[in-house]
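Structure record follows, encoded as C-alpha cells.
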C-alpha cells in the first residue's frame with residue numbers, strides 16, 4: 001500500500017497539474033489522468049526492479065554454489081522478471097508521452113480555435129456609378145437632355161401621323177400606291193419636325209446638334225430609361 005501511495009498519488013497529481021496548466025476540460029483531463037496513472041505504474045515497476053536487482057546482488061556466489069538448484073532457479077527467475085520490467089518501462093514511457101501530448105494537443109487546439117479563429121464576413125461589392133462629365137454636362141444632365149430629345153421625336157411622329165394618317169386598307173378607293181405615298185409624306189414630315197424640335201432642345205440647353213447626336217448615341221448604348229408616354 002505504501003508503494004502504491006508513494007508512486008501513484010504523486011503521478012496522478014502531476015497529470016492533473018499538467019492538465020490544469022493547459023486549461024484542460026472533459027476528455028482532455030481524462031487523458032492527463034490516464035497518463036499520470038501509467039506514469040505511476042512505471043515508477044512502481046522501476047522501484048520493484050531496483051529492489052530485485054539489489055536482492056540479486058546481495059546473494060553471494062558462495063550461497064549459489066552451496067545450493068545450485070535453489071540459487072539457479074532463483075537467479076533465472078529474477079533475471080526473467082527484470083527483463084519483463086525493462087520491457088514494461090520501454091513501452092510505458094512512450095505511452096505516457098503520447099497521452100500527455102494528446103491532452104496538450106486537444107487543449108491547445110480548442111483554445112487556439114476559440115481565440116484565434118477570425119470572423120470572416122463576405123459582403124457583396126456594390127458598383128458605384130461615377131458621375132462623369134461629358135460634353136460639359138454630368139451624366140444626370142445628359143440623361144435629362146436625352147429624355148427631352150425622345151419627347152421631341154415622339155411629338156414629331158405624332159404630329160406627322162395626325163397630318164398624314166395612313167388609309168384604311170378596307171376603305172373604298174384604297175390602293176397600295178396611295179398608301180405608300182402617304183407613308184412617305186408622313187415619314188418626311190416626322191423627320192422635318194423632329195429636327196426642328198431637337199434644335200429647340202439644343203437651344204434650350206445651349207448645345208449644338210453634334211452634341212445632340214452624341215447624347216442620343218450614348219443613351220441608346222447605355223440603355224437609358226425612356227420618358228413615360
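All of the numbers you see were taken from the coordinates with simple rules; none came from a lab. Small disclaimer: the values here were computed from a predicted structure and weren't measured.
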**Message:** Given contacts defined as C-alpha pairs under 8 Å and at least six residues apart, what's the relative contact order of the stretch 139-222, whole-number percent?
**Reply:** 41
**Request:** Work out, step by step, the length gained on full extension between residue 187 and residue 144: first 0.36 nm times the residue separation, then minus their alpha carbon distance; give nm to one decimal.
**Result:** 12.9 nm
**Request:** Could you tell me whether the stretch 189-229 comes out rounded, prolate or oblate from its Cα gyration tensor? Rule is a ≥ b ≥ c as square roots of the eigenvalues, rounded for a/c under 1.5, then prolate if a/b exceeds b/c, otherwise oblate.
**Result:** oblate
**Complete:** Here the gain from full extension of residue 217 to residue 196, 0.36 nm per residue of separation minus their alpha-carbon distance, amounts to 5.7 nm
**Asked** For the stretch 200-217 and the stretch 146-195, what is the separation of their C-alpha centers, rounded to whole Å?
**Response** 24
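Taking the Kirkwood radius as the inverse of the mean 1/r across Cα pairs, report the Rg/Rh of the stretch 139-222.
On the way: Rg = 16.3 Å, Rh = 14.2 Å.
Here the Rg-to-Rh quotient is 1.14.
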